[in-house]
Amino acid sequence: MRPTATKSPRRRALALLGGTAATALLTAGCSAQELSTGWLPSTRDTTDETGRIITLWNGSWIAALAVGVLVWGLTLWVVVAYRRRKDEVGLPAQLRYNVPLEILYTVVPLMMVGVLFYYTYRDQTEIEALPENPDVNIGVVGKQWAWDFNYADEDVYETSTQVDLDEQGNPISEIPTLYLPVDQTVEFTLTSRDVIHSFWVPGFLYKKDMIPGRENVIALTPQQTGVFEGKCAELCGQYHSEMLFRVAVVEQDEFDAQMERLRAAGQTGQLGSDLDKTTADGSVEPVDAAEGER
């Protein structure tokens, strides 16, 4: 009877490596939506910038995955190819340095960083660019722990108090809503009345800090109607988690109707810096936790 052939240790290791790689590829299968957005809480057409951001995000992860697979593969190959044999004694030949190898693992990472920097700088420049004549101008003011919205073109405003949450973190009071007309370029001027806040709408894939005494500006064009959740993304005090708002992207007639409702309610004019909670020397006045807003 012919004896059964057995695989060498090297072949067994290579077979195991191949099986592991095949399993990783099979388990990494993603739906079309996941491949399109990279699991980001948005779609490419939510605003005029979300598609660019998603492409940069996915490209960065693909590059990171490619580097990871290369490093993992080389590491496993070295473990298998240069493992100690049973008939070997003593230490292997010791080398103090290998100039070509050291040049390789210095130059290649620098090239990788340079490529990532180029694409990040290119996209950031486009995202941060401001239009010469935006269709809508809105001032967003952060305060502990709520929001003021100044609709500058309509000369009306919306103000709010912090949102009350139940024990499970669900809102039990009205959440302030910022209205935007769809397919209109909106420029936001961001300021703060007290401490550093951050204006963040996850569905827009963009956020920017709101710093006392300084104006930051962003611009975007919402391209899909709907309601998007917003929040402060900077830890700003005791009730930071209750600093919530919503963004309603609506048709132009509905936006005009909301402006008329604010006007009819007497909310005309703009909420100015006279409401800021800062002293003459620039320090922040103490905030009454029971008051929660100004």
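Name the residues in the stretch 42-101 that are of a type in the set (G, A, S), at pLDDT 90 or above and more than 28 Å from the chain's Cα centre (by Cα), would you? Working first, answer last.
First pass over the stretch 42-101, keeping only residues of a type in the set (G, A, S): 42, 51, 59-60, 63-64, 66, 68, 73, 81, 90, 93.
Add one more test, that the residue is at pLDDT 90 or above, and what stays is 51, 59-60, 63-64, 66, 68, 73.
Once the filter is applied, which keeps residues that are of a type in the set (G, A, S), at pLDDT 90 or above and more than 28 Å from the chain's Cα centre (by Cα), the stretch 42-101 yields only G73.
Residue count for the stretch 186-202, restricted to those that are surrounded by fewer than 18 Cβ atoms within 10 Å (Cβ to Cβ) and either of a type in the set (S, T, N, Q) or over 20 Å from the mean Cα position of the chain (by Cα) (or both): 1. Among the numbered conditions (1) under 30 Å from L205 (Cβ atoms); (2) basic (K, R); (3) not in a helix (DSSP H, G or I), the only one that K86 does not meet is (1).
Close contacts from the stretch 246-266, counting a first residue that is β-branched (V, I, T) and a second that is part of a loop (DSSP other than H, G, I, E, B), with Cβ to Cβ under 8 Å and a gap of 6+ residues or different chains, come to V249/V182; V249/Q224; V249/T225; V250/V182; V250/T225.
Among the residues of the stretch 229-256, which ones are open to solvent by 40 Å² or more (accessible area, probe 1.4 Å) and farther than 21 Å from Q144 by Cα? Those that are open to solvent by 40 Å² or more (accessible area, probe 1.4 Å) and farther than 21 Å from Q144 by Cα: E251, Q252, D253, E254, D256. Pairing each residue of the stretch 91-120 that is in contact (Cβ under 8 Å) with a residue 24 or more places away in the chain with any residue that is small (G, A, S), provided the two are 6+ apart or on different chains, yields C-beta distances under 9 Å for M112/A63; V115/A63; L116/G59; L116/S60; L116/A63; Y119/G59; Y119/S60; T120/S60. For A22, the requirement of being assigned to a helix (DSSP H, G or I) and either at pLDDT below 55 or exposed (fewer than 11 other Cβ atoms within 10 Å of the Cβ) (or both) is met.
Evaluated against (1) under 28 Å from Q252 (Cα atoms); (2) modelled with pLDDT of 95 or more; (3) out of contact with any Gly (no Cβ under 6 Å at 6 or more places or on another chain), D209 falls short on exactly one condition, (1). Residues that are under 20 Å from W145 (Cβ atoms) and either of a type in the set (A, V, I, L, M, F, W, C) or modelled with pLDDT under 95 (or both) within the stretch 215-228 comprise just one, F228. Of D135, D183, D164, all but one fail to be acidic (D, E) and closer than 26 Å to M243 by Cβ; the exception is D164.
The values are calculated or read from the model by the stated rules, or taken from the named source; none is laboratory data. Since we're looking at a predicted model, the values are computed, not measured. Cβ coordinates were reconstructed from backbone atoms using ideal geometry, including for glycine residues, and neighbour counts include every protein chain displayed. Remember, those area values only see protein heavy atoms, side chains included, never the ligands or the DNA or RNA. Shrake-Rupley method; radii C 1.70, N 1.55, O 1.52, S 1.80 Å.
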